[in-house]
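Everything on this sheet refers to the single structure shown next.
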Amino acid sequence: MLCCALGTLPTALMLLPLRAQAAEEAALNFVGADIESVIKAVGHYTNITFVIDPRVKGTLTLVSEKSISKAQAFNLLTSALRLQGFAVVSGDGYAKVVPEADAKLQAGPTQVGAGQAAAKGDQVVSQIFQLNYESAANVVTVLRPLISPNNTINANPGNNSVVVTDYADNVKRLAKIVAALDVPAVADLDVIPVRYAIASDLATMVNKLLEGGASAGDAGKTSVLADPRTNSLVLRAPSAARANLAKSLIAKLDQPTAELGNVHVVYLKNAEAAKLAQTLRSVMSGDTSAATATGLQSSGQSGQNQSSMNSQNSGSSGSSSGGPTNPLLSNSSQQQQAGGGTAGYIQADSTTNTLIITAPESVYRNLRAVIDQLDVRRAQVYIESLIVEVSSDKASEFGVQWVGATGNENSTYRVGGLQSYSTGGTNNNIATIASTLRGKTSTSSTSSSSTLPGNGLSIGVFKQVAGGLGLGALAHSLESDGNANILSTPNMITLDNELASIQVGQNVPILSGQFTTTSGTASNPFQTIERREVGLTLKVRPQISEGGTIKMAIYHETSSVDKSTLTAASGITLNKRVIENNVIADDGQIIVLGGLIEDTEGDGTDKVRGLGDIPVLGNLFKYQSRTRKKTNLMVFLRPVVIRNKEQSTSLATDRYDYMRAAQEAVKPADSILVKDLGQPLLPQLQDGVPVGSGAVARPVPPAPVPARAPGAGETGKQQ
């Protein structure tokens, strides 16, 4: 055994004693030696070639109290390097010394499976654990705190495996932990037949009694599910003791009733008691006449509802046939009678949503099997609709009007001419202007109100007539261009096979009649005003099939007031667009309900016969107008099926965040003169629950915190 005190000697002197040493063990004594020299010396002793990263610098102290073997010397070196922040990665016949942060990127030893890795000690290795029972994501959560900060652990959900890159000794420890965690989380499933009680009632009671002893998470929870078809319970427990406890409780509860009776009360969870009672009465009677009568009554009520809806829409939409005509789009729900059907077996209590069943035990069990299968959570449908309308309205007018007369106001005979057109509409006013101006005299004390030309450019040629102005010619030119881009996105959510309706608009007053009554010298004007709903209306009744497709009965109406008729003498005009149809769509599919692509062009010319046909000069005797109107209207719809709480929460959170982002985007402009008072803002969501009031978008900065806590005699108020 040879002791090598090589802390201060050159590298060449350190290697000589090791070469001369014939024994298999040697003592190491490196105190404050250069780290690269120590690595080379140990590599010479262990016959291992080391590749040293240039960033590996510093000094190292490596001391053994007694002689150690080559394997022990290598492990001692790797441990000392780990304390300095360096790692050793074994390769094919060599070892690399790199900073610890880069060790996971090197091609080190890789072990697949839970077996022991070939590398040992403080070498960096990669281990792949293939799990059979536990979830890889859950295992990663447990093991992540046990991994070095510079090393990694990842889960592969595809094949339920975990990949760990860390030091070999730590990987061995993690392998034992993974082996302990990767066990069946629950015991085998047990099916327990129920003889006297109802399986669904028993499952609800047992779950409530056993949930108090459940640990955090679903893995440690005892679950009892009911199978209505066989009237049995399916038991799943985390341990045999918990399973025996549940079996004992079920056996004690599954006993015949002590009191004789045939009246039973069934509390419904999802279904409506009145509707389900009518269905069960039809089943009990064995006759479909009740169901047929119900359908006829529904149709009759639908007709009545439709009639009332039409009359209502007649007053709200300005159409005698307004409103949906599809019976599916009418609320045909009716209040079921409290009677018990043919034999008086079933009563419905709408207040508590319960069924009162009077029947023998065998009949009651059959009814409960039907009730348990019908009283299930119904899916919901979230409907997104898009109404896109792009319109363009262009018009162009040009015309010349003439008027003239000979002589003056004192002339006995006067010869004149007037050129006017009907095409000009409100712009055809040269005759009125001429008569107004020529009717004035220098001694006249009154004057008629003058009429001004309409919109556009009007150029007139005047002449002096007897001290007054006479209009000789009027040229008028007008060009208008109007564009509209309207996008409406009404959204709604409804239960499967339930009517949903959304209406957004205004209640517009329309003058329907007026008259005046005279009583003596007083007159009483009287007007009748009719109010109509103008805006957007969407009615949808979705029906989800077993295959996942959605059948929808749809009624869509968009109405608006034509702004050009606001001052019309005959009253305003309502624009109305209606789509009513039945469609089938897949979950999440965008479909087009209908639309309109309209292109209207008009061209009109008024001219003086003969003069208007003269080339170029003929334009002085014409009035030309040209219009073009384009309308593109499309209605799209996208239904999304919501079957559980998680989907509903995710959808609501997405819409909530969208509206909150829209509120944040609306910020008032900075101003020195006007103080910023903030703006309303939705509170943030935390686990699906709003947190804070969210009244102001930009909160006021907090007051400075005092240097010390207020004493007993202080008020504690911040200054």
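The values are calculated or read from the model by the stated rules, or taken from the named source; none is laboratory data. Note that the structure is predicted; figures quoted are calculated from it, not measured. Neighbour counts are summed over all protein chains in view; Cβ atoms, including those assigned to glycine, are modelled from backbone coordinates with ideal geometry. Remember, those area values only see protein heavy atoms, side chains included, never the ligands or the DNA or RNA. Shrake-Rupley method; radii C 1.70, N 1.55, O 1.52, S 1.80 Å.
The table below lists the values:
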item	result
Any hit, the range 633-640, residues being over 18 Å from the mean Cα position of the chain (by Cα), in a loop (DSSP other than H, G, I, E, B) and of a type in the set (A, V, I, L, M)	no
Test: residue in the range 613-630 that is open to solvent by 60 Å² or more (accessible area, probe 1.4 Å), more than 30 Å from Ser477 (Cβ to Cβ) and not small (Gly, Ala, Ser)	no
Single residue of the range 587-612 satisfying the filter (open to solvent by 80 Å² or more (accessible area, probe 1.4 Å) and not in a strand (DSSP E or B)) that is nearest to Pro542 (Cα to Cα)	Asp587
Residue in the range 642-654 that is hydroxyl-bearing (Ser, Thr, Tyr), without any contact (Cβ under 8 Å) to a residue 24 or more places away in the chain and within 30 Å of Ile584 (Cβ to Cβ) present	yes
Count of residues meeting criterion [at pLDDT 85 or above and either more than 37 Å from the chain's Cα centre (by Cα) or buried (at least 20 other Cβ atoms within 10 Å of the Cβ) (or both)] in the range 227-239	5
Condition met for Gly571 (in contact with a Leu (Cβ under 7 Å, 6 or more places away or on another chain) and either within 20 Å of Leu536 (Cα to Cα) or at pLDDT 85 or above (or both))	no
Which listed residue is at pLDDT below 80, more than 37 Å from the chain's Cα centre (by Cα) and either β-branched (Val, Ile, Thr) or closer than 30 Å to Asp254 by Cβ (or both), from Asp169, Asp218, Asp188	Asp188
Restricting the range 123-138 to residues that are over 28 Å from Leu83 (Cα atoms) and in contact with a Leu (Cβ under 9 Å, 6 or more places away or on another chain), the residue that is surrounded by the fewest Cβ atoms within 10 Å (Cβ to Cβ)	Tyr133
Residue check, Ile544 open to solvent by less than 70 Å² (accessible area, probe 1.4 Å) and aliphatic (A, V, I, L, M)	yes
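Per-residue answers, yes or no, for (1) surrounded by 17 or more Cβ atoms within 10 Å (Cβ to Cβ); (2) free of Cβ contacts under 8 Å to residues at least 24 places away in the same chain; (3) closer than 15 Å to Ser79 by Cβ:
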| residue | (1), (2), (3) |
| --- | --- |
| Glu24 | no, no, no |
| Asn29 | no, no, no |
| Val42 | yes, no, yes |
| Ile48 | yes, no, no |
| Gly58 | no, no, no |
